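See below for the structure under consideration.
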Amino acid sequence: MLQKIYTKNAPDAIGPYSQAVIANGMLFTSGQIAINPATGLVEADTIEGQTEQVMQNLGALLKEAGISFENAVKTTCFLSNMEDFAAFNEIYGKYFTEKPARSCVAVKQLPKNVLVEVEVIAVL
């Protein structure tokens, strides 16, 4: 059985999905973009600002599940422009200090035209 994770400290799902789900001792987050959950808006317009908001959103979901960034085993990162990789990576590295497995790809477009989206798989 799946356990759905919800916190008001991360953006509400804007479609037919959950913020995160626990299954078989693993947490699977939906991709998080740079929406400020307090306002429902994308406020940052730089890769640095958006990445910080994404990490805060992911941190809220991890916390709600009773874990932290150290529990992450795999991330998938989407950038709208691979030229932002170095700046993104600098901030990402401050949060994912245990260096989980990762994929990072450039995509044509992300929801709400954001610059970055990240999803996490973590062990409980």
So, counting K/R as plus one and D/E as minus one, what does the shell of residues with Cβ under 13 Å around Val54 add up to? -4
Of the accessible area of the chain, computed with a 1.4 Å probe and all protein chains kept, carbon and sulfur make up a percent value of 51 percent
Taking the Cα atoms only, what angle lies between the long axis of helix 47-64 and the longest principal axis of the chain, rounded to 10 degrees? 0 degrees
Using a Cα-Cα cut-off of under 17 Å, which aspartates and glutamates could be cross-linked to Lys8, ignoring same-chain neighbours fewer than 8 residues away? Glu64
Starting from the stretch 1-76, pick out the chymotrypsin sites (Phe, Trp or Tyr not before Pro) whose DSSP state is loop and whose Cβ has at most 13 other Cβ atoms within 10 Å. Tyr6, Tyr17
Rg to Rh ratio, the chain, alpha-carbon atoms and Kirkwood radius? 0.93
Among 71-77, 108-114, how do they line up by average Cβ neighbours within 10 Å per residue, starting with the highest? 71-77, 108-114
Using Cα pairs closer than 8 Å and at least 6 residues apart in sequence, work out the relative contact order for the chain, in percent. 32 percent
Using +1 at the Cβ of each Lys and Arg and -1 at the Cβ of each Asp and Glu in the chain, identify which of Val114, Ile33, Ala13 lies farthest towards the dipole's positive end. Ala13
Principal-axis tilt of helix 85-95 within the chain, Cα atoms, nearest 10 degrees: 30 degrees
Set the bar at 18 Å for Cα to Cα. Now go through Lys74/Lys99; Lys63/Lys112; Lys74/Lys94; Lys4/Lys63 and name every pair that lies beyond it. Lys63/Lys112
GluC sites (Glu not before Pro) within the stretch 77-124: which are DSSP loop residues with at most 11 other Cβ atoms inside 10 Å? Glu98
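The values are calculated or read from the model by the stated rules, or taken from the named source; none is laboratory data. These numbers come from a predicted model, not from an experiment. Because the Cβ atoms are built from the backbone with ideal geometry, glycine has one as well, and the counts that use them run over all protein chains shown. SASA here: full protein model, heavy atoms, side chains in, ligands and nucleic acids out. Shrake-Rupley method; radii C 1.70, N 1.55, O 1.52, S 1.80 Å.
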